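Visitor: Dropping a structure here in structure tokens format, bear with me for questions.
Just so it is clear, none of the values below were taken in a lab; they were calculated from the coordinates. Keep in mind it's a predicted model, so treat the numbers as computed, not measured. Cβ sites come from the backbone with ideal geometry, for glycine too, and all protein chains shown count toward neighbours.
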Amino acid sequence: MTDVHPWLQVYLAVGIVTLVISGCLALRERWRRRGDLEALISLLEDPDPRTQTFWYRVRARVLTPVLVALFLVVLWPVVPWMKFQDRRHARGAAREEAERVFKVHQSHLLQRCSVEEVESREIVQDPLNAVPPVPFGHLNPMWARLKAQMQAGDELWTFKSRWQDDLGRQDQRTGYVLWRECQPAAHMLTGLEQLEDRPVGPTEEDVHLDFDEIRGPALLHKGAD
């Protein structure tokens, strides 16, 4: 190493450190998922007779690890770049997934109301006493959590929305939402209806419907029997 340029020595030393760290992380991940990994290897190798040959085992267990180690030592700057790209793609995937989570938009709002109005309208009166005589009946804990999140300046609105999941299935959702600084702070669903061959998103007819016409299950209606 005495005839090697000092900067090259530093470069290779960093590569060796990168190799050690990467190897430790790979071993930790393999140990953590050893059951799934062994099952996958067994599933891939068993049907293929070529995996039982000597040359295949040499390539898989000796040649490949050596080439990977040399790659990490010589081209170690590629590793942080690859990790950065993986994290960027992961963040992008997480962002896309978050965008697919149901969210109430301003166009879904129907009618502003007060807590007292909602609790008076949504009280459940079941003559069979199968549902507790409280606002929303069995859904009362959800209502309590929604109220607990209210802050000064929040507005309580009814909403109606159409939603399409990743499989292309559409449904119509109704409920209540806390509107805070032009954004939804929290919401609760009171109705969910599966739709077929109907456009996603609110229509002009939806905007003019009264909320009593679109509320969910019959047990949520006042005076249900």
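Visitor: Compute the semi-axes of the equivalent ellipsoid of segment 75-189, taking the square root of 5 times each eigenvalue of the Cα gyration tensor, and list them largest first in whole Å.
Guide: Rounded to whole Å, the semi-axes are 40, 17, 14.
Visitor: Which residues among segment 146-166 fall inside the zone where the amide N is under 17 Å from a point 7 Å beyond the Cα of residue 102, along Cα→Cβ?
Guide: Hits in segment 146-166 for residue 102 at 17 Å: 146, 157-166.
Visitor: Under the 0.36 nm per residue contour assumption, what length would be gained going from the current alpha-carbon distance of residue 112 and residue 83 to full extension?
Guide: Working it through step by step, the gained length comes to 5.6 nm.
Visitor: Students often check this: by mean Cβ neighbours within 10 Å, which of 55-64, 170-179, 8-17 ranks highest, and how do the rest follow?
Guide: 170-179, 8-17, 55-64
Visitor: Show the residues, 5+ positions off or on another chain, whose built amide H is closer than 5 Å to the amide H of residue 136.
Guide: 123, 124
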